[in-house]
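Just passing along the structure, written as structure tokens.
The values are calculated or read from the model by the stated rules, or taken from the named source; none is laboratory data. The structure presented is a predicted model; accordingly, all values stated were derived computationally and were not measured. Counting neighbours? That spans all protein chains shown, and the Cβs are built from the backbone with ideal geometry, glycine included. Heads up: the accessible areas ignore ligands, DNA and RNA and are worked out on the full protein's heavy atoms, side chains in. Shrake-Rupley method; radii C 1.70, N 1.55, O 1.52, S 1.80 Å.
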Amino acid sequence: MMATTHALMGMGLLSATGLFAPEYLPVAVAGGAVGGIIPDLDLLGNHRRTLHFPVLYSAGALALVAIAATVPTILTVGLAAVLLSAALHSAMDALGGGLEVKPWKGTSDRAVYSHYHDRWLAPRRWIRYDGAPEDVALAGVLAGVLVLTFAGPIQTAALAFLAISVVYGLCRKPLVVAGEYLVERLPQHVLDRIPFQFTEDLS
Ligand SMILES: [Zn+2]
């Protein structure tokens, strides 16, 4: 799934805060967006491992939600929202595609690493790959709910994430074709500097 889909999912989940503590709605939804994106900052490292913790984030999120419910402040609610959304992101990556450069081929058995289980979780491919039509459609539904429910910054952020999702969805496969073209032509000493996961099944 795209980072933007995860951000919209986190925003949607955390927008429920408005039902029982509307004064914390902005920080909760902002935390949901940030927590939805943070795990994918490991893209350039060991992707879906370094910053993805499906079980450990969930345990931490439960503890932080309990603290935020007991002592609600901007800080406790914000931190709980970030961790809850990061936990949802990490767990939901197991429902997406594998880690290969062309995930639509369905050849990888690695979706997301569970540090708790000390092994890779297999991709379920409910959403075949990040940027797939069904991924963009899910982002559209989530953004639509947020846009129809809220005004102001939440609405603007939802529309921005949707716009990025649509553009990414349109570019997803052409980007890999462009990558193939480059890998065939770049000198070896340049290729050696590109992280392996970006070139492993292109050459
Ligand atoms: Zn991820």
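With a Förster radius of 35 Å, plug the Cβ-Cβ distance of Trp104 and Leu19 into 1/(1 + (r/R0)^6) and report the FRET value to the nearest 0.05. All intermediate terms of the calculation are to be shown ahead of the outcome.
Values: r = 39 Å, r/R0 = 1.10.
So, using R0 = 35 Å, E works out to roughly 0.35.
If I stretch the segment between Ala160 and Leu175 completely, what's the gain in nm (0.36 nm per residue apart, minus their alpha carbon distance), one decimal?
Between Ala160 and Leu175, full extension yields an extra 3.3 nm.
Compute the acute angle (0 to 90°) between the alpha-carbon long axis of helix 74-92 and the principal axis of greatest extent of the alpha-carbon atoms of the chain; round to the nearest 10°.
Computed tilt is about 40 degrees.
Just from the alpha-carbon atoms, what are the Rg and Dmax of the range 3-198 in angstroms?
When restricted to the Cα atoms of the range 3-198, Rg and Dmax are 17.9, 59 Å.
Between 0 and 90 degrees, rounded to the nearest ten: what's the tilt of helix 152-185 against the longest Cα principal axis of the chain?
Rounded to the nearest ten degrees, it is 10.
I would also like to ask the following. Counting each DSSP H run of 4 or more residues in the chain as -39500 (n - 2.57), what helix-only mean residue ellipticity at 222 nm follows after dividing by all residues, to the nearest 500 deg cm²/dmol? Don't skip to the answer; put the middle values down first.
On the way: 8 runs with 118 residues, N = 203.
Mean residue ellipticity, 222 nm, calculated: -19000 deg cm²/dmol.
Expressed as a whole number of Å, what is the distance separating the alpha-carbon centroids of the range 86-127 and the range 66-82?
29
A further question follows. Given a 1.4 angstrom probe, what's the average accessible area per residue across the range 3-198, in square angstrom?
Accessible surface, normalised per residue, equals 52 Å².
On the protein heavy atoms, probe 1.4 angstrom, tell me the percent of accessible surface of the chain carried by carbon and sulfur. Please list the in-between numbers first.
Values: 7360 of 10470 Å².
Result for the chain: 70 percent of the exposed heavy-atom area is carbon or sulfur.
Positive end of the dipole of the range 3-198, charges at C-beta (+1 Lys, Arg; -1 Asp, Glu), about the Cα centre: which of Val71, Leu159, Gly169 has its Cα farthest in that direction?
Most positive-ward Cα: Gly169.
Normalising by the residue count of the chain, find the relative contact order in percent from Cα pairs under 8 Å and 6+ residues apart. Before the final figure, lay out each step's value.
Values: 342 pairs, mean separation 43.6, N = 203.
Relative contact order here is 21 percent.
If you line up the long axis of helix 25-37 against the longest principal axis of the chain, both from Cα atoms, how many degrees apart are they, to the nearest 10?
20
Another question, if that's okay. Extension gain His189-Arg124, at 0.36 nm per residue separation less the Cα-Cα distance, in nm?
Working it through step by step, the gained length comes to 19.7 nm.
Quick check: pseudo-label points 7 Å beyond the Cα along Cα→Cβ at His115 and Asp42, how many nm apart are they?
About 0.7 nm separates the two model spin labels.
What does the charge count near Tyr57 come to, summing +1 for each Lys or Arg and -1 for each Asp or Glu among other residues with Cβ under 14 Å from its Cβ? Please report the intermediate quantities before stating the final value.
Details: positive: Arg48, Arg49; negative: Asp40, Asp42, Asp93.
Net charge in that neighbourhood comes out at -1.
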